[in-house]
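Take a look at the following structure, please.
The values are calculated or read from the model by the stated rules, or taken from the named source; none is laboratory data. Since this is a predicted model, take the numbers as computed values, not measurements. For the accessible areas, the whole protein counts, side chains as well, though only heavy atoms, and no ligand, DNA or RNA atoms are used. Shrake-Rupley method; radii C 1.70, N 1.55, O 1.52, S 1.80 Å.
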Amino acid sequence: MTKTPDTPAPCAGMGDVHHSHPEEPMEQLSRRARVAVPELVVTCECDQSPREPCSGSHQPDEESICSDSGLSGSPASSLALRKLSNSSSTGLSPASSFEECEEDLMGYSDYNQSPGEPLTADLWKKSKNMVNWSPTPVAVKKRSPWVQVVGHAGNFQMGSDGRLLKKFCECEQQCFLQLMSDSLHPFVPGYYGVTQRDEQDYNLMDDLLADFDSPCIMDCKMGSRTYLEEELEKARECPQPRRDMYLKMIAVDPNAPTADERARQAVLKTRYMQWRETLSSTATLGFRIEGIKKSDGTCNTNFKRTKYKDEVIQTLEDFVDSNMLILRSYQQRLKELRGVLEKSDFFKAHEVVGSSLLFVHDLTGKAGIWMIDFGKTVPLPPPLTLDHRSPWVEGNREDGYLWGLDNFIDILTNILPEK
Ligand SMILES: Nc1ncnc2c1ncn2[C@@H]1O[C@H](COP(=O)(O)OP(=O)(O)OP(=O)(O)O)[C@@H](O)[C@H]1O
Ligand SMILES: O=P(O)(O)O[C@@H]1[C@H](O)[C@H](O)[C@@H](OP(=O)(O)O)[C@H](OP(=O)(O)O)[C@H]1O
């Protein structure tokens, strides 16, 4: 179980999911998997300098909030890629102890933008040089404590008035700016520019939990591939075997490492990510459940082996406590999202990797789904576009996002009684 040492209990991986399937034979797996797993060939010495964008980016001591191995981190050479800082590794979930405070906003502007209105790319261009602008004080809304289900610890802080601060990542910022004026706008948190706290830059966005009462939350990582093509290239040019990932691997399956990996006691990140993909439903269904937090405060991130449709169905039914009305709302929202994704200019022109759908509902019956985490969503070189359904072959940059969404919708349709 990975937790920051000072993270309080509610998100502490309880309630294991039972997996009744035996391991699937390898040859059957590779027939079903739509991802051709490329080999990694070492070609030259490493350039240790940090590079954009924000992939593979975390401090060895910055651990996932609720992941279940207790081990996480990156090699020192990839530290700067997501512009993380050592200075602010506040304990996270739940965030009820965070002070409500105002931010020093760098992203707001008075160019015809009302306070509270999300920022668009144009407004950002005009306002990016403004610093320490104080917004007009607004009434602070009382809300449930924010909870982080999965992801890197130390990445988030609570802001004021239903907003959330996520450690600055330029790649994510660029996505948010474009998304604010894309048709996908209603399916992503509102973005409000860059803010600083304790000399650390943060992207400021809507807290999607703010309007819910004791919400149930599920994080699903979308797509059939969880690392960027450029991560694969880097791993070939500059292999950096990771002991933390080796340890996470053997914690789940002591037989998973190859003899060579065992000798080194380390694995490459891309190899670890590929292994995670085939162990879970990423490779076979194009999405995987990462974590669930229920309204009673229990949080389960033990889904690394949740792979088969019936396991996913069981998990979804448990997530909604068999409430078919909530499932129907989710199905409807996913269908709407699919319709918008199929037309979105932003989506066409980006490789969307490692991004999640955040499902949120509460006892009042309110339910919503939003796209989050654009740290590894990168623009394609024009005129290349993706259909997000074709199988990935290295070089085509397909991410399987819509294929995963199709499968998710089909699964919900199978669970739901016909109208
Ligand atoms: N806008 C938001 N509103 C509410 N909760 C959020 C929001 N964004 C993220 N979260 C919470 O934080 C968790 C992690 O988010 P995110 O994936 O963006 O972080 P990350 O550290 O980049 O993750 P990863 O390890 O996948 O790179 C989510 O599972 C969710 O619980
Ligand atoms: O879920 P797990 O098994 O704990 O593995 C982590 C997960 O795949 C994250 O998505 C990934 O971050 P990115 O998506 O940002 O690459 C992180 O890499 P990292 O340790 O290099 O941050 C992995 O350790």
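With all protein chains present, how much of the accessible area of region 206-308 (probe radius 1.4 Å) comes from carbon and sulfur, to the nearest whole percent?
It is 46 percent, rounded to a whole number.
Using the structure shown, list the pairs from Lys167/Lys269; Lys234/Lys294; Lys294/Lys343; Lys248/Lys348; Lys348/Lys419 with a Cα-Cα distance above 28 Å, or answer none. Let's see the in-between values first.
On the way: Lys167/Lys269 22 Å; Lys234/Lys294 39 Å; Lys294/Lys343 33 Å; Lys248/Lys348 34 Å; Lys348/Lys419 33 Å.
Result: Lys234/Lys294; Lys294/Lys343; Lys248/Lys348; Lys348/Lys419 exceed 28 Å.
If eta is 0.692 mPa s and T is 37 °C, what Stokes-Einstein diffusion coefficient results for region 189-230, Kirkwood Rh from Cα pairs, in µm²/s?
Working: Rh = 13.7 Å.
Translational diffusion coefficient: 239 µm²/s.
Would you mind getting the accessible area per residue of region 260-349, heavy atoms of the protein chains only, 1.4 Å probe, in Å²?
Here the residues of region 260-349 average 38 Å² of exposed surface.
Specify whether the C-alpha gyration tensor of region 219-351 places it in the rounded, prolate or oblate class, a ≥ b ≥ c being the square roots of the eigenvalues: rounded for a/c under 1.5, otherwise prolate if a/b is larger than b/c and oblate if not. If you can, show how the numbers build up before the last one.
Numbers: a/c = 2.90, a/b = 1.45, b/c = 1.99.
Judged from the Cα gyration tensor, region 219-351 comes out oblate (a/c at least 1.5, b/c at or above a/b).
Report, as a whole number in µm² per second, the diffusion coefficient that Stokes-Einstein gives for region 278-389 at 20 °C and 1.002 mPa s using the Kirkwood radius over alpha carbon pairs.
137
For region 344-419, what Kirkwood radius comes out of the mean inverse Cα-Cα distance, in Å? List each step's numbers first, then the result.
On the way: mean 1/r = 0.0700 Å⁻¹.
Kirkwood hydrodynamic radius for region 344-419: 14.3 Å.
Apply the Karplus parameterisation 6.51 cos²θ - 1.76 cosθ + 1.60, with θ equal to phi minus 60°, to every residue of region 375-389 and state each ³J(HN,Hα) to the nearest whole Hz, in sequence, with x for glycine and proline.
After applying 6.51 cos²θ - 1.76 cosθ + 1.60, I find x, 10, 10, 10, x, 8, x, x, x, 4, 10, 10, 9, 6, 10 Hz.
Per residue, how big is the convex hull around the C-alpha atoms of region 144-302? Give it to me in cubic angstrom, could you?
Roughly 156 Å³ of hull volume per residue.
Using a 1.4 angstrom probe on the protein heavy atoms only, could you order Asp406, Asp213 from most to least accessible area? Walk me through the numbers before you get to the answer.
Details: Asp406 30, Asp213 95 Å².
Putting Asp406, Asp213 in descending order of accessible area: Asp213, Asp406.
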